[in-house]
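The structure under discussion appears below in the form of structure tokens.
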Amino acid sequence: MALRNDDIAKPKSPVEYLRLFFTGFAMGAADIVPGVSGGTMAFILGVYETLIHAIKSFNLEAIRLLAQLKIRELLDYLSFRFLITLGLGLASAILLLSSFLSSTMDDPGGKVLLFAFFFGLVLGSILTIGVKVSWSASAGAVFVVGAVAAFIIVNIVPAEADHSAPTLFISGMIAITAMILPGISGSFMLLIMGQYDFVLTAVSNRDLPPVIMVGLGAVVGILLFSRVLSHLLQHYYNLTVALLVGFMAGSLWKIYPWKVCLNSDFDRHGDFRCLVEQNVAPNANSENVVLAIILLIAGFLLVNLLDHLQTRDNPVIRLFVR
């Protein structure tokens, strides 16, 4: 049975808490990979609107309840159980998987497999969310705008940058804004701004000062941008969802698994860095091409299955289950 927003925002049973924790874990795992958005995972797993509205609730009313020491009312108003469970899952993924995913991204074969799975996830989410949009000329135009914007962003050449506290703070603000937009990866925005490797290394090494600065920027950014998104979802829901689906469609270019590097250099640490990539057809003779295609299909079907469990009306699953 599908869960209502109130059920999601106010978990009661252990199963509901576990569902939220692993939703946050999936978001955190996605956010570590440049090109994959945690916002997409929130959309796929049915918590996106609840998350935006919960973040927006950090406002003057929350401050008033705190000042009056109405702690129980405050925690309920902030959807505290929802946010803390989701946040614990997200933080757990970042702490537990940052080293593993960093090494996987450095291995060409592992990167193909990882991106194949996420490509299937995003492709499936475009279908499952896209069928819920009431398509019109205006919705189609907004979709195209979102797709083009995402395509341009994911093709920007990564820059070198300093790692001062103000730069890390601003980077955190920009990354979190992208992170809650399906299709635009917060980690890829860090890559564009020349902060990705530095921040990932800081997280892996438990180097707190840079992590704290990025975190503070993220807090400020998400509190500001969530209000914009909440307003758009409340007043222009159909067009906003069409725009978000466009973002996801445009991001497919970045996470397409099979690529060749056309232009590269070495960063200031002497590590290889690809600046311009070209998508190519998979090599049938490659040892992992079959596994990659299986993972791609698995990701696609997984999204559709999760959607069907919530809606009981997924068009792909209904082909097999009546």
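So which of Ala147, Ala178 ends up being surrounded by 15 or more Cβ atoms within 10 Å (Cβ to Cβ), more than 15 Å from the chain's Cα centre (by Cα) and in a helix (DSSP H, G or I)? The match here is Ala147. Of all residues in segment 178-190, those being over 17 Å from Gly24 (Cα atoms) and either of a type in the set (Lys, Arg) or modelled with pLDDT of 75 or more (or both) number 2.
Just so you know, in segment 115-134 the residues that are at pLDDT below 85 and of a type in the set (A, V, I, L, M, F, W, C) include one that is nearest to Leu291 (Cα to Cα), and it is Phe118.
With (1) over 17 Å from the mean Cα position of the chain (by Cα); (2) surrounded by 16 or more Cβ atoms within 10 Å (Cβ to Cβ) as the list, and Pro108 as the residue in question, which single condition is left unmet? All conditions pass for Pro108, except number (2). Scanning segment 38-68 for residues that are touching a Phe, Trp or Tyr at 6+ places or on another chain (Cβ under 8 Å) and over 13 Å from Ala9 (Cα atoms) yields a total of 5. State all residues of segment 307-322 that are part of a loop (DSSP other than H, G, I, E, B) and either farther than 23 Å from Arg19 by Cβ or touching an Asp or Glu at 6+ places or on another chain (Cβ under 8 Å) (or both); if no residue qualifies, say none. Hits for segment 307-322 are Asn314, Pro315, Phe320, Arg322.
Contact map, segment 87-108: first residue within 23 Å of Ile55 (Cβ to Cβ), second residue β-branched (Val, Ile, Thr) and modelled with pLDDT of 85 or more, Cβ cut-off under 9 Å, separation 6 or more or different chains; pairs are Gly89/Thr23; Leu90/Thr23. Out of Phe188, Phe169, one residue alone is in a helix (DSSP H, G or I), aromatic (Phe, Trp, Tyr), more than 10 Å from the chain's Cα centre (by Cα) and within 30 Å of Gly124 (Cα to Cα). It is Phe188.
Considering the conditions (1) within 20 Å of the chain's Cα centre (by Cα); (2) more than 29 Å from Pro108 (Cα to Cα), Phe247 is excluded by exactly one of them, (2). Looking only at residues of segment 1-34 that are among the acidic types (Asp, Glu) and under 30 Å from Phe115 (Cα atoms), we find that the one that is modelled with the highest pLDDT is Glu16. Applying the criterion of being of a type outside the set (A, V, I, L, M, F, W, C) and under 20 Å from the mean Cα position of the chain (by Cα) to the residues of segment 232-244, the residue that is surrounded by the most Cβ atoms within 10 Å (Cβ to Cβ) is Thr240.
Scanning segment 261-277 finds one or more residues that are of a type outside the set (A, V, I, L, M, F, W, C), in contact with a Ser or Thr (Cβ under 7 Å, 6 or more places away or on another chain) and not in a helix (DSSP H, G or I). Cβ-Cβ contacts under 9 Å between residues 6 or more apart (or on different chains), taken from a first residue in segment 54-78 that is within 19 Å of Arg227 (Cα to Cα) and touching a residue at least 24 places away in the same chain (Cβ under 8 Å) to a second residue that is aromatic (Phe, Trp, Tyr) and part of a helix (DSSP H, G or I), are listed as Ala54/Phe80; Ala54/Phe82; Ile55/Phe225.
For segment 279-306, residues that are outside any helix (DSSP H, G or I), modelled with pLDDT of 85 or more and exposed (fewer than 15 other Cβ atoms within 10 Å of the Cβ) total 3.
Consider Arg81 carefully, then state whether it is assigned to a helix (DSSP H, G or I), farther than 20 Å from Glu49 by Cβ and either modelled with pLDDT of 85 or more or of a type in the set (D, E, K, R) (or both). Judged against the criteria, Arg81 is not a match.
In the set Ser125, Ser134, only one residue is more than 24 Å from Pro210 (Cα to Cα), crowded, with 24+ Cβ neighbours inside 10 Å and of a type in the set (S, T, N, Q); that residue is Ser125.
The values are calculated or read from the model by the stated rules, or taken from the named source; none is laboratory data. Just so you know, these numbers come straight off a predicted model, no measurement behind them. As a convention, Cβ positions derive from the backbone with ideal geometry for all residues, glycine included, and neighbour counts pool all protein chains shown.
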